[in-house]
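Below is one structure, written out as structure tokens, with a few remarks after it.
The values are calculated or read from the model by the stated rules, or taken from the named source; none is laboratory data. Note that the coordinates shown come from a computational prediction; the quantities given were computed from them, not determined experimentally. For neighbour counting, all protein chains shown are included, and Cβ atoms are generated from backbone atoms with ideal geometry for every residue, glycine included.
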Amino acid sequence: MEREKKCGRCHQLLPFSAFDRYGGQRREKGGLQSYKSICRICEAKRNKIRRHRNKYKLITEYFNGKCHRCGVDITKILLITVEFHHTDPNNWSTIYHKIRTKSYDKILEWAEKDKVIPLCKNCHMYIESSNFKLFEELILQEDIFKKNASEIDKLLNLAIGQNPEVKYLSSDNRIKIKISIKQWLRKRFIIEQMSNGVCTGCGVMNIYNNLPSFQMNHLDPSKKQNEWLNIHNLDSEKIMKVFIKEDCVWVCSNCHKIIHSTFDIYSEDLYKYFFPKTIVKIISSKINQQFLEISNRIYNFKTTNGKFDFRSPLKLEINLGDTWKKYLLRLFYLFQKIGNPFTLDEIVKYIGGSKHTYRPHLKHILQMGFLKVYRKEGLRNRWELTLTGIQEAKNLEKKLKITAKKLKNEI
């Protein structure tokens, strides 16, 4: 039978395997002295409370107890959401997560040296979303989804071309930024459809005051197959079907952190270091109540209400599976402009885009017989549209009711 020992914190009689052992000479004794006085669970709880205590002291003694950006009180229920942001990227030694287990004096020294500021998780998400901030006005434009996909696409191209911080970047980087803006627009559209643009937890945060703070939350963890980063490039209708299938809702980052934490369980043990017993009871009771209210609102939210708009507002006339048609029409525009043959450099020069985005499509069109390539010693590969390719491009113009020149201008 396994020997037992009484925990000095929870006072339960537990087997030795529930306790961690000391190292060195004390371990060699093999008796009760070689095991720590409190069980592994109690030790983890004590360490967690100590980390919360150090964070509370730091934001109340060194800072003013409020989020540096939104000014909300972060000493109570939002303590669990507090993150520390480096105001100067060049003055950076480590992150709070790595130093949080140190003594309070070490943490204070780090805060002073790195010149960090406390932010609630919602505000930190906003500050870190650089592309969103550059194009926030465009992404949150009130009537943007009343436009068709082609008009939105032109609007994005115009905004990128006029933005002084990105217009001189390489075409590859501008394409990446455009993709990022479309991801933000999809996110906004889906949140508007599924929860009227409001966090299902607190009911306060909305897409207009902090779109980056919204996160995807699974009501039933057993149904979880995807995360936002896996699906944010899909059409909106496909994303919404994933949300319904996996039983997901939109919550702000603060609420997401709250419902996945056990802070309410430790709150009484934390605040007893700073307040009298009567005050601690009030604070703890209020935190437990707020946790329960947020949790109830989230887990009682129904996603299958049948009121969603399943359209894809960013989907252009040519489907993703038929992307080769778009590239064939662009090559046809180039053929009309300079004739056969043409190099990859000329494609990029006259049409736009980047080399690495064209290569796989050129290969696909080549395999279909609409394009041919020949190599001459000392020269780069040169491409030619075949007679079949030219005829197919003309057919596409009639079928799609769009000219190659018009499609070229939508890049």
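Within the bounds of the range 74-90, is there any residue that is under 23 Å from Arg46 (Cα atoms), in contact with a Gly (Cβ under 6 Å, 6 or more places away or on another chain) and crowded, with 17+ Cβ neighbours inside 10 Å? Yes, there is a match, as at least one residue in the range 74-90 is under 23 Å from Arg46 (Cα atoms), in contact with a Gly (Cβ under 6 Å, 6 or more places away or on another chain) and crowded, with 17+ Cβ neighbours inside 10 Å. In the range 134-174, what count of residues is obtained for those that are over 23 Å from His356 (Cα atoms) and not in a helix (DSSP H, G or I)? Summing the residues that are over 23 Å from His356 (Cα atoms) and not in a helix (DSSP H, G or I) in the range 134-174 gives 10.
Yes or no: the range 68-77 includes at least one residue that is part of a helix (DSSP H, G or I) and under 24 Å from Lys106 (Cβ atoms). Within the range 68-77 (the criterion being part of a helix (DSSP H, G or I) and under 24 Å from Lys106 (Cβ atoms)), the answer is no, since none of the residues qualifies.
As a summary of the residue check, Ala111 satisfies the conditions (1) of a type in the set (Gly, Ala, Ser); (2) buried (at least 17 other Cβ atoms within 10 Å of the Cβ); (3) under 30 Å from Cys7 (Cα atoms) except for the one numbered (3).
From the set of residues in the range 94-133 that are in a loop (DSSP other than H, G, I, E, B) and not hydroxyl-bearing (Ser, Thr, Tyr), which is farthest from Lys55 (Cα to Cα)? So the residue we want is Lys115.
Pairing each residue of the range 54-66 that is under 14 Å from Val116 (Cα atoms) with any residue that is small (Gly, Ala, Ser), provided the two are 6+ apart or on different chains, yields C-beta distances under 8 Å for Leu58/Ala111; Ile59/Gly65; Tyr62/Ala111. For beta carbons closer than 6 Å, sequence separation of 6+ or different chains, a first residue in the range 186-199 that is farther than 16 Å from Ile244 by Cα and surrounded by fewer than 20 Cβ atoms within 10 Å (Cβ to Cβ) and a second that is of a type in the set (Val, Ile, Thr) and modelled with pLDDT of 90 or more, the qualifying pairs are Gly197/Ile191; Gly197/Ile207. Gly201 falls short on exactly one of the conditions (1) assigned to a loop (DSSP other than H, G, I, E, B); (2) among the small types (Gly, Ala, Ser); (3) over 20 Å from the mean Cα position of the chain (by Cα), and that condition is (3). Just one of (1) farther than 18 Å from Cys199 by Cβ; (2) in contact with a helix residue (DSSP H, G or I) (Cβ under 6 Å, 6 or more places away or on another chain) fails for Cys252. It is (1).
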